Amino acid sequence: MRTYITLAIFIIIATGSFWLLQDLTREQVKDKTLGSRFPDYFMENFSITNMNQQGNPEYVLKAQKLLHYADNDEAELEQPFINITQADTNVTLRASRAIYLQQENTIYLHDKVIIHRAASKTQSELSIFTDYLKVNTQSHIAETDVAAKVKTPEAELNTIGLIFNNKQGTLKLQSQVKGTYEATN
């Protein structure tokens, strides 16, 4: 009887030790995978041109550095510059850094973001300054929910949040809009 009790205690201790060791090993593997994120490829000083249905350049993306991560198909960009060309409009976007999610057709621009639309026959020059901008590369809609400064030859406006639709040529200011407007003769 004593042998069976000793054997049962030994089996319980062995099973508990095995379970504890497996749990600790699983936690270590989980910590390593969460803490280590390596790019699957990178590029430096590059330019990418996206073509439209007619075979014309829709936009050109340039950056000093790109790091692509396979785990979520995300690309991190340093010093991105985007040039969007349409029939009579040329819009450029700059920032210190950006995150590009190809699956969502979205670029998130961060830090010292500048949008500049050159003057055309139908629209005046426009510059927008902010620290964050979300850009949909298919619809050409850019939006932010943080402070932004809008400058045109006639006006200078400050706003919290805006939506800029490049295809329609519209700019919607969201809230707390303040500014000056100078009428030209």
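Would you check if ILE107 is buried (at least 16 other Cβ atoms within 10 Å of the Cβ) and over 13 Å from the mean Cα position of the chain (by Cα)? No: the conditions fail for ILE107. Condition check: of a type in the set (Asp, Glu), at pLDDT 90 or above and within 24 Å of PRO80 (Cβ to Cβ). Does GLU156 satisfy that? When the stated conditions are applied, GLU156 does not pass them.
Return the residues of the range 106-127 that are at pLDDT below 85 and either of a type in the set (Lys, Arg) or under 21 Å from ASP145 (Cβ atoms) (or both); say none if nothing qualifies. Selection gives LYS121 alone.
The values are calculated or read from the model by the stated rules, or taken from the named source; none is laboratory data. Keep in mind that this is a model prediction, so the values were computed, not measured. Here the Cβ is made from the backbone with ideal geometry for all residues, glycine too, and neighbour counts use every protein chain on show.
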